[in-house]
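Scroll down for the structure; my scribbles are underneath it.
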Amino acid sequence: MQLVVARIGRAHGIKGEVTVEVRTDEPELRLGPGAVLATDPASAGPLTIETGRVHSGRLLLRFEGVRDRTAAEALRNTLLIAEVDPEELPEDEDEFYDHQLMDLDVVTTDGVEVGRITEISHLPSQDLFIVERPDGSEVMIPFVEEIVTEIDLEEQRAIIDPPPGLIDDRAEIASSRDADEDSGKGSEAGGA
């Protein structure tokens, strides 16, 4: 199975290095020297990583045969694709590959069916499940521990505990002022 592990960005310097946008939780495994990666578009590759280093928080790679800025710039926006055994699991038991999460049924902790994961969006701050509901509409669910309480691969489901308003239109609005009026006492900034 093929997984996109990075996207090539700008050329860096004049000796053929490029910046990469990492799209894997295991860059040291997938983007190390000697790794041979397929590309999209296919005409750009395959590419073999010669060296890699971190500079100012960005991963820089140099590929065999890419020796100058012009050749490096020609690779811009190319996707790097690694061949991965579909049975392989991430080292951390709380991590998952996208292919493991696709098509999982999403249900709430009290058993209400929400829908099925059709896409996973990787944002800088967090990942989002794009879930298609039975009526064909979509809902976005942040893939964070507070909301996605369990991933059960054997049962092929993701169990969520959504805050009010995430999967329905009924958001509960509570303010400290309403609580103060109900209790008959005032307090600063919501107390406790």
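Scanning the range 19-49 for residues that are touching a His at 6+ places or on another chain (Cβ under 9 Å) and under 16 Å from I81 (Cβ atoms) yields a single hit, R23.
Of the residues in the range 20-41, how many are modelled with pLDDT of 85 or more, assigned to a strand (DSSP E or B) and open to solvent by 20 Å² or more (accessible area, probe 1.4 Å)? The total comes to 4.
For V5, the criteria (1) open to solvent by less than 10 Å² (accessible area, probe 1.4 Å); (2) in a strand (DSSP E or B); (3) over 26 Å from D127 (Cβ atoms) hold in every case but one, which is (3). Within the range 43-73, the set of residues being open to solvent by 80 Å² or more (accessible area, probe 1.4 Å) and small (G, A, S) comprises S43, S56. Inside the range 113-140, residues that are open to solvent by less than 80 Å² (accessible area, probe 1.4 Å) and closer than 17 Å to Q100 by Cα make up a count of 10. Against the test of being of a type in the set (F, W, Y), open to solvent by 30 Å² or more (accessible area, probe 1.4 Å) and at pLDDT below 80, the options F143, F96 yield a single qualifying residue, F96. State all residues of the range 156-192 that are in a strand (DSSP E or B) and either basic (K, R) or at pLDDT below 50 (or both); if no residue qualifies, say none. Within the range 156-192, just R157 meets the criteria.
The values are calculated or read from the model by the stated rules, or taken from the named source; none is laboratory data. In this text the structure is predicted, and so the values were computed from the model without any measurement. So basically every Cβ, Gly included, is an ideal-geometry build from the backbone, and we count neighbours across all protein chains shown. Accessible surface is based on the protein model in full, side chains and every heavy atom, while ligands, DNA and RNA are left aside. Shrake-Rupley method; radii C 1.70, N 1.55, O 1.52, S 1.80 Å.
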